[in-house]
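Shown next, in structure tokens, is the structure this report addresses.
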Amino acid sequence: MLGRAHSVLLPRIVARTPVPHVLSAAHALHRDAAGAGTVLTSGGVRNLSNLGSLAVEPHAAVPPHISFTPTTTPVLNPPRLPDTFLQEAEREAPMLQAIRQLVAEGETGAFNMYDLEVVRSQLHRFRRNLPRVHPFYAMKCNPDERIVELLASEGANFDCASKAEIGIALRSGASADRIIFANPCKQPSHVAYAAASGVDISTFDGADELFKIHALQPNARLVFRVRVDDSHAVCTMSQKYGAPLAELPELLALATSLQLKVVGVSYHVGSGSMSAEPFADAVRTARAAFDLAAHHGHEMSVLDIGGGFPGTIAAESGKGDEPLLVFADQGAHKPPSFEEIAEVLRPALDEHFPASSGVKIIAEPGRYMVHGCSNLVTNIIGRKYSHRATGKERPMYFVNDGLYGSFNCVLYDHAAPSPLPLFSSADAAQRELDVSSYSDCSIWGSTCDGLDCISKEARLPPLSVGDWIRWPNMGAYTSAAGSTFNGMERPTNYYL
Ligand SMILES: *Cc1c(COP(=O)(O)O)cnc(C)c1O
């Protein structure tokens, strides 16, 4: 998508303050009283302290592929708009247009607007940055059949955790040898299904799993899930999965006595890691596990470096420009970009698993592939007002999705989705970008559970019942685990 040529309709730039600012269909930038910049992006509001080079004069000229009506004569020698801003605006334009069209056609329910080009471009970005690593998409993140079909047609492989997920992958056209059954604690009937379907590579992290596999799929090729340090991650795995390296000799001896083949090592460094280092540390742990298994006579040929890669979309050149606030618990710290992680991973893989070793390296990216591919659009179905301790009145907006639906990510994935207003009036874009009209509010889900609050602290312009709120980056761990609790429908899916 980033490469597609689209003409972007920018709203008229309105000079509200005498300080430099940039407005585009996707961003509004302004400076607060202290002089620090705040930028509103599809990823949320972020703070920028050194915006000198990014800011342009209110009436600066914009590159010719963007149609734009200046309010006065352009200034001479205008500063350049940063590429990442332009690319993001360009990327969002068709998405916004499709959403506005649906709303204009009378849609009233919540809906997802998917841009599958984002998935394709994330896959290509993965292959460019980690050319030695075969991606196996972690389907639990979003098993949407269109996403799976696209990835299958692009030659990606799949990490499945259940019988149903294996079925989706097979129906999408992926052959059984492109699937890893990467659930270390599988349901016995699902193991039997995998065996019957020819999915023969599977993970384990305990003795009972070995007995189960021995009984149901004795020819399976097994991958040992080793526990690695995930203390830098927001979503951890080690409390549930992965055996310590110290348990491996015993497990290997058991595998040998059961005549089971151990062929590889896997791990998951956790998701939302605040540092790239754990990705490299885990490669070293995996190497130790490999050596142990080889010492025990197993023919080791697969390294599975798991998932946990961030889903933020940035242009190649935009390294370090990834939006903040992907996870609520991370505060203002900035997680490493995919490129920064790849830069640490490549040399670690080359050192410990060089191409000459013949080891096949695979990964299980989940959120990385789909985080940015969907905008969820919710309708405001009710409004009330609350009083804060200060006595200031704040609107409470009720929308037609919630924590039991797409926003389960707030509970389960530590997510902090970013609401943006979506108006349908002729001057919609201008109203959406008028950051000075934004004020504190809260956003609530539609079920009758008091817990069902999507955001206690949001900022939006004044909205009425019937208005819309758009939530970018809602492709990962959203619809996958949503329910219809209280009789509330799940959003309809549309595709660009
Ligand atoms: C959930 C999961 C993944 C994907 O994690 P992301 O953070 O979405 O990349 C990969 N592998 C396994 C085994 C998982 O359980």
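On full extension, the segment bounded by Thr492 and Thr108 gains 137.2 nm, given 0.36 nm per residue less the C-alpha separation.
Per the Cα gyration tensor, region 182-365 maps to an equivalent ellipsoid with semi-axes of 31, 18, 15 Å, ordered largest to smallest.
The label-point distance for Tyr412 and Arg127, in a model that sets each label 7 Å from Cα toward Cβ, rounds to 3.0 nm. Across all Cα atoms of region 400-477, the radius of gyration (one decimal) and Dmax (whole number) stand at 13.1, 38 Å.
Partners of Lys392 within straight-line reach, counting lysines whose Cα lies under 23 Å from its Cα and excluding those fewer than 8 residues away in the same chain: Lys384, Lys456. Taking 0.36 nm per residue of sequence separation and removing the Cα-Cα distance, the Ser437/Ser231 pair yields an extension gain of 70.1 nm. Estimated from the Cβ-Cβ distance and a Förster radius of 30 angstrom, the FRET efficiency linking Ala246 and Ala164 is about 0.30.
Straight-line cross-link partners of Lys334 among the lysines, defined as a Cα under 16 Å from its Cα and at least 8 positions apart when in the same chain: Lys319. Remark: the Arg171-Gln101 segment gains 22.0 nm on full extension, using 0.36 nm per residue and subtracting the alpha carbon distance.
Close amide-amide hydrogen proximity is noted between Ser266 and Phe224, Arg225, Val226, Asp304, each under 5 Å apart and 5 or more residues distant or on a separate chain (H modeled in the peptide plane; Pro and chain starts excluded).
With the simple spin-label model, which puts each label point 7 Å out from Cα in the Cβ direction, the Asp208 to Cys448 separation comes to 4.0 nm.
What area, in nm² and to one decimal, does the C-alpha convex hull of region 219-312 cast on average over all directions? Don't skip to the end; give the middle numbers.
On the way: hull surface 24.9 nm².
Averaged projected hull area, Cα only: 6.2 nm².
Evaluate region 154-209: find the radius of gyration of its Cα atoms, find its Kirkwood radius, and give the ratio Rg to Rh.
Numbers: Rg = 10.8 Å, Rh = 11.2 Å.
Dividing the radius of gyration by the Kirkwood radius yields 0.96.
Test of understanding: ordering Tyr385, Tyr241 by Cβ neighbours within 10 Å, fewest first, what list do you get?
Numbers: Tyr385 9, Tyr241 20.
Exposure proxy ranking, most exposed first: Tyr385, Tyr241.
FYI, it's all coordinate maths here, none of it is from the lab. If you're wondering where the values come from, they're calculated on a predicted model, not measured in any experiment. Note that we place each Cβ from the backbone using ideal geometry, even for glycine, and neighbour counts take in every protein chain shown.
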